[in-house]
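Visitor: What follows is a single structure, and I will ask about it in a moment.
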């Protein structure tokens, strides 16, 4: 190195090194903590109203509905308002009218021929619940129709035996919602949801697919108003 070049290298040697690509990347946000007892109430009535609008005739033909994860009764009130008898239960009393406290896994027979619920996701997903909620439901007698409100990507998981369970017991059809449900009330819901339906009187061997449009917020409720079939 020549004498004339030494001052230049001494000048730049004290400069800080440029940040690496790894340093420039933003850190991934920590996963949000799940709510206690996985309680995410279906406060928006459009979800259950959409199901009643789509499958109302079938549900009504069975006579009675059981909501085994009723929470504060958001879906129960809509089902009853449509003139369909609905019995309700939950592990914890959250104020649902005429509900009883019961552990779903302690129920060895369905309380009604139709079951409609938004189950605790931690008990039905692949990672944590290993599909336990669905396994128990499939094992108990007494029901003909089952509708579960879940995230749209739920059936894609194959870990922990959930994939094998759905291969052996596929749902009859699903309704993919063309809008997003805000379970937290915080806005900007991150996922899409669907109703997954098992109908023991449906003879199809492969799951069917149907769209569900969002019912109008001011749509009237009451007996006989959800008897159409959405295809």
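Visitor: Under the condition of being in contact (Cβ under 8 Å) with a residue 12 or more places away in the chain and surrounded by fewer than 21 Cβ atoms within 10 Å (Cβ to Cβ), which residue from the range 113-131 is nearest to the chain's Cα centre (by Cα)?
Guide: So the first thing to find is which residues in the range 113-131 are in contact (Cβ under 8 Å) with a residue 12 or more places away in the chain, and the list is 113-127, 130-131.
Keeping just the survivors that are surrounded by fewer than 21 Cβ atoms within 10 Å (Cβ to Cβ) gives 113, 121-123, 126-127, 130.
Numbers: 113: 21, 121: 7, 122: 10, 123: 11, 126: 13, 127: 15, 130: 15 Å.
It comes out as 121.
Visitor: Which condition does residue 209 not pass, out of (1) under 18 Å from the mean Cα position of the chain (by Cα); (2) at pLDDT 95 or above; (3) surrounded by fewer than 18 Cβ atoms within 10 Å (Cβ to Cβ); (4) assigned to a loop (DSSP other than H, G, I, E, B), if it passes all the others?
Guide: Evaluating residue 209 over (1) under 18 Å from the mean Cα position of the chain (by Cα); (2) at pLDDT 95 or above; (3) surrounded by fewer than 18 Cβ atoms within 10 Å (Cβ to Cβ); (4) assigned to a loop (DSSP other than H, G, I, E, B) leaves (4) as the failure.
Visitor: Report whether or not residue 130 is in a loop (DSSP other than H, G, I, E, B) and touching a helix residue (DSSP H, G or I) at 6+ places or on another chain (Cβ under 9 Å).
Guide: Yes, satisfied.
Visitor: How many residues are part of a loop (DSSP other than H, G, I, E, B) and more than 16 Å from residue 148 (Cβ to Cβ) when one looks only at the range 160-183?
Guide: Counting residues in the range 160-183 that are part of a loop (DSSP other than H, G, I, E, B) and more than 16 Å from residue 148 (Cβ to Cβ) gives 4.
Visitor: Taking the condition of being at pLDDT below 90 and under 17 Å from the mean Cα position of the chain (by Cα), how many residues in the range 188-206 meet it?
Guide: 4
Visitor: Pick from 119, 141: which is closer than 22 Å to residue 183 by Cα, assigned to a loop (DSSP other than H, G, I, E, B) and at pLDDT 95 or above? Walk me through how you get there before you give the answer.
Guide: Numbers: 141 fails: closer than 22 Å to residue 183 by Cα.
That would be 119, the only listed residue that is closer than 22 Å to residue 183 by Cα, assigned to a loop (DSSP other than H, G, I, E, B) and at pLDDT 95 or above.
A quick yes/no check of all residues on (1) in contact with a strand residue (DSSP E or B) (Cβ under 6 Å, 6 or more places away or on another chain); (2) surrounded by 20 or more Cβ atoms within 10 Å (Cβ to Cβ); (3) outside any loop (DSSP other than H, G, I, E, B):
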| site | (1), (2), (3) |
| --- | --- |
| 49 | no, yes, yes |
| 52 | no, yes, yes |
| 69 | yes, yes, no |
| 72 | no, no, no |
| 76 | yes, yes, yes |
| 109 | no, no, no |
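Visitor: Restricting attention to the range 111-132, which residues are touching a strand residue (DSSP E or B) at 6+ places or on another chain (Cβ under 8 Å) and farther than 21 Å from residue 192 by Cβ?
Guide: Matches in the range 111-132: 111, 112, 113, 114, 115.
Visitor: Still on this model: What is the one condition in (1) modelled with pLDDT under 95; (2) in a helix (DSSP H, G or I); (3) in contact with a helix residue (DSSP H, G or I) (Cβ under 9 Å, 6 or more places away or on another chain) that residue 1 does not satisfy?
Guide: (2)
Visitor: Here is a list of conditions, (1) modelled with pLDDT of 95 or more; (2) more than 18 Å from the chain's Cα centre (by Cα); (3) assigned to a helix (DSSP H, G or I), and residue 84 meets all of them except one; can you say which number that is?
Guide: (3)
Visitor: Right, another one. Report, by residue number, each residue of the range 87-104 that is at pLDDT 95 or above and surrounded by 14 or more Cβ atoms within 10 Å (Cβ to Cβ).
Guide: 87, 88, 89, 90, 91, 96, 99, 102, 104, listed by residue number.
Visitor: Under the condition of being modelled with pLDDT of 95 or more and surrounded by 16 or more Cβ atoms within 10 Å (Cβ to Cβ), which residue from the range 171-182 is farthest from residue 115 (Cα to Cα)?
Guide: That would be 177.
The values are calculated or read from the model by the stated rules, or taken from the named source; none is laboratory data. In this text, all values refer to a predicted model and were calculated from it rather than measured experimentally. Glycine also receives a Cβ, built like all others from the backbone with ideal geometry; neighbour counts cover every protein chain displayed.
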